[in-house]
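Q: Below is the structure I would like to discuss, written out as structure tokens.
The values are calculated or read from the model by the stated rules, or taken from the named source; none is laboratory data. All values derive from a computational prediction rather than experimental measurement. For neighbour counting, all protein chains shown are included, and Cβ atoms are generated from backbone atoms with ideal geometry for every residue, glycine included.
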Amino acid sequence: MTSTARVLAQWAQDIEPTAADLALADRSLVDTVAVALAAREHPVMKVAASLSEAGRWATAAHVLDFDDLHMPSTTHVSAVCVPVVLTAGGGARAYLAAAGVMARLGTALGWPHYSAGWHATCTAGAPAAAAGAAVALGLEASQIATAIALSVPAAGGLQRAFGTDAKSLQVGFAVEAGLRAATLAADGASADETVLDEWLPLVGAQPVDPRSADLAGPAVPDGLAVKLYPCCYALQRPISALAELAAEAALDPADVRRIELRTPEATVVPLIHHRPQTGLQGKFSLEYAAAAAVLDRYPGFASFTDDAVRRAPARRLTALVETTLLPGGDGLLDGELQARVHTGNGAVHTAALAFPPGSPARPPTAAQLSGKLADCLAGLDTDWSAWTWQNVVGVLRRFVP
């Protein structure tokens, strides 16, 4: 019997990136490292001091929730794959191997897995980290498959952690598990490759036939969504819609009397904080995101602090949000978001949006990406345009030791 782990391992060993694949890898490197540097003084980094280098970098890359996302699998691919590959001494090819395994494994886990409460970035991330580290270490396909199998016992993470330090820390745990598994495989450890096939149904995936695995096309099928706001991806669309509406209508936040939102219920699965008290909770609150979009126009880092979430105008607007959830859906960008903002003079301003800027359907412009990087690196004497897979490790060790 051919195992899923062996099929993925052979693909990872044999990968021959195209120019488009390499361009995605290089963009992901810059985006992920910049986001990690922006988190260098976040309180969670003191807590994460006892983690390994890879674990600390992954925590930093994820804690601001500004990292990229693979939409079909609902996984934060680069927060896992960039740190583990850099730590293992790999480059773009190893990153693409890890990212491709993560995207395919996460897609196999599917929306039922995510909507049940699993943090797919961690469940798909640990085996992907093992594959990426193993490729970076130059292991053979049999050893890569063993590394994937050895990572499975640590492939766990829950959405209940969202809005707490545990969310980013458990991404660090997944990266550490993958790196540990690859190192053990390199040292000759053995494992039953079919453990991955046994595990998939246990966590809600449909049975997988390894012989029918889709390994064609780009290294990362469907590409990656780049965030333009530092919060959960489920908030990128409502923020974009309401911020544009507020700007075009020149809304006075004090004049807003009611904010109505309509969206498929699948699109709000991770938005578990309805009256947030902290900046981290605000990153998973549809109500606060709507308020911040109207108040701030561009909700950036300053919009997701504890003080920003607790400010009186934000609390007032948060309480005015009414959400109608349409039945069904199977993803964070299912259907479209519809918004209606009522003002004191009786006017009603409307907006509808299917794909936010930064999504694969609307890739970030050079100006948008440069603006994001500038925000992330404000105050740092480093030039992101000079970063490579070979020299960026020194940058991380300097600022995120």
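Q: From the list 322, 336, 287, which residue is surrounded by 19 or more Cβ atoms within 10 Å (Cβ to Cβ) and among the acidic types (Asp, Glu)?
A: Numbers: 322 fails: surrounded by 19 or more Cβ atoms within 10 Å (Cβ to Cβ); 336 fails: surrounded by 19 or more Cβ atoms within 10 Å (Cβ to Cβ).
Matching residue, one of 322, 336, 287: 287.
Q: For the range 13-26, name all the residues that are surrounded by fewer than 18 Cβ atoms within 10 Å (Cβ to Cβ), within 20 Å of the chain's Cα centre (by Cα) and either over 17 Å from residue 136 (Cα atoms) or free of Cβ contacts under 8 Å to residues at least 60 places away in the same chain (or both).
A: Passing the criteria: only 23.
Q: So which of 200, 251 ends up being surrounded by 15 or more Cβ atoms within 10 Å (Cβ to Cβ), under 26 Å from the mean Cα position of the chain (by Cα) and either of a type in the set (A, V, I, L, M) or part of a helix (DSSP H, G or I) (or both)?
A: Among 200, 251, only 200 is surrounded by 15 or more Cβ atoms within 10 Å (Cβ to Cβ), under 26 Å from the mean Cα position of the chain (by Cα) and either of a type in the set (A, V, I, L, M) or part of a helix (DSSP H, G or I) (or both).
Q: Which residue is farthest from the chain's Cα centre (by Cα), if the candidates are limited to the range 355-377 and must be free of Cβ contacts under 8 Å to residues at least 60 places away in the same chain and in a loop (DSSP other than H, G, I, E, B)?
A: Result: 365.
Q: Is it true that some residue in the range 33-43 is of a type in the set (Lys, Arg), in the same structural domain as residue 172 (by TED's automatic domain parsing) and in a loop (DSSP other than H, G, I, E, B)?
A: Taking the range 33-43 as the starting set, the residues that turn out to be of a type in the set (Lys, Arg) are 40.
With in the same structural domain as residue 172 (by TED's automatic domain parsing) added as a condition, the list becomes 40.
Still in the list and also in a loop (DSSP other than H, G, I, E, B): 40.
There is at least one residue in the range 33-43 that is of a type in the set (Lys, Arg), in the same structural domain as residue 172 (by TED's automatic domain parsing) and in a loop (DSSP other than H, G, I, E, B).
Q: What residue, of 111, 57, is over 20 Å from residue 217 (Cα atoms), aromatic (Phe, Trp, Tyr) and modelled with pLDDT under 95?
A: 111
Q: Another question, then. How many residues does the range 113-160 contain that are of a type in the set (S, T, N, Q) and without any contact (Cβ under 8 Å) to a residue 40 or more places away in the chain?
A: Taking the range 113-160 and keeping what is of a type in the set (S, T, N, Q), we get 115, 121, 123, 142-143, 146, 151, 159.
Cutting the leftovers down to without any contact (Cβ under 8 Å) to a residue 40 or more places away in the chain gives us 151.
Adding up the residues that qualify gives 1.
Q: Only one of 328, 335 is outside the structural domain of residue 57 (by TED's automatic domain parsing) and in contact with a Ser or Thr (Cβ under 9 Å, 6 or more places away or on another chain). Can you tell me which?
A: Only one candidate qualifies: 335.
Q: Quick check, is residue 371 farther than 15 Å from residue 260 by Cβ, touching a strand residue (DSSP E or B) at 6+ places or on another chain (Cβ under 7 Å) and not polar (S, T, N, Q)?
A: no
Q: May I pose another question? Which one of 329, 300, 282 is in contact (Cβ under 8 Å) with a residue 12 or more places away in the chain, closer than 20 Å to residue 356 by Cα, touching a strand residue (DSSP E or B) at 6+ places or on another chain (Cβ under 7 Å) and not charged (D, E, K, R)?
A: Of 329, 300, 282, the one residue that is in contact (Cβ under 8 Å) with a residue 12 or more places away in the chain, closer than 20 Å to residue 356 by Cα, touching a strand residue (DSSP E or B) at 6+ places or on another chain (Cβ under 7 Å) and not charged (D, E, K, R) is 329.
Q: Looking at (1) buried (at least 24 other Cβ atoms within 10 Å of the Cβ); (2) out of contact with any Gly (no Cβ under 8 Å at 6 or more places or on another chain); (3) closer than 20 Å to residue 166 by Cβ, can you tell me which one residue 100 breaks?
A: Every listed condition holds for residue 100 apart from (3).
Q: Could you tell me whether any residue of the range 222-243 is buried (at least 21 other Cβ atoms within 10 Å of the Cβ), touching a residue at least 24 places away in the same chain (Cβ under 8 Å), part of a loop (DSSP other than H, G, I, E, B) and of a type in the set (D, E, K, R)?
A: Yes, the range 222-243 contains a residue that is buried (at least 21 other Cβ atoms within 10 Å of the Cβ), touching a residue at least 24 places away in the same chain (Cβ under 8 Å), part of a loop (DSSP other than H, G, I, E, B) and of a type in the set (D, E, K, R).
Q: Out of 66, 162, which single residue is crowded, with 23+ Cβ neighbours inside 10 Å, aromatic (Phe, Trp, Tyr), out of contact with any strand residue (DSSP E or B) (no Cβ under 9 Å at 6 or more places or on another chain) and assigned by TED's automatic domain parsing to the domain that holds residue 11?
A: Working: 162 fails: crowded, with 23+ Cβ neighbours inside 10 Å.
It is 66.
Q: Which residue pairs have Cβ atoms under 9 Å apart, sit 6 or more places apart or on different chains, and have a first residue in the range 179-201 that is outside the structural domain of residue 12 (by TED's automatic domain parsing) and a second that is assigned to a loop (DSSP other than H, G, I, E, B) and hydroxyl-bearing (Ser, Thr, Tyr)?
A: As it stands, the answer is none, since no pair meets every condition given.
Q: Please determine whether any residue of the range 346-353 is free of Cβ contacts under 8 Å to residues at least 24 places away in the same chain, outside any loop (DSSP other than H, G, I, E, B), touching a strand residue (DSSP E or B) at 6+ places or on another chain (Cβ under 6 Å) and closer than 16 Å to residue 262 by Cα.
A: The answer is yes, given that some residue of the range 346-353 is free of Cβ contacts under 8 Å to residues at least 24 places away in the same chain, outside any loop (DSSP other than H, G, I, E, B), touching a strand residue (DSSP E or B) at 6+ places or on another chain (Cβ under 6 Å) and closer than 16 Å to residue 262 by Cα.
Q: Could you tell me which residue of the range 316-343 is farthest from residue 111 (Cα to Cα), considering only residues that are modelled with pLDDT of 95 or more and among the small types (Gly, Ala, Ser)?
A: 319
Q: If we keep just the residues of the range 136-150 that are out of contact with any Leu (no Cβ under 9 Å at 6 or more places or on another chain) and in a helix (DSSP H, G or I), which is surrounded by the fewest Cβ atoms within 10 Å (Cβ to Cβ)?
A: 142
Q: Could I ask something else about it? Filter the range 263-315 down to the residues that are part of a helix (DSSP H, G or I) and polar (S, T, N, Q), then identify the one that is farthest from residue 351 (Cα to Cα).
A: Filtering the range 263-315 for residues that are part of a helix (DSSP H, G or I) and polar (S, T, N, Q), the one farthest from residue 351 (Cα to Cα) comes out as 281.
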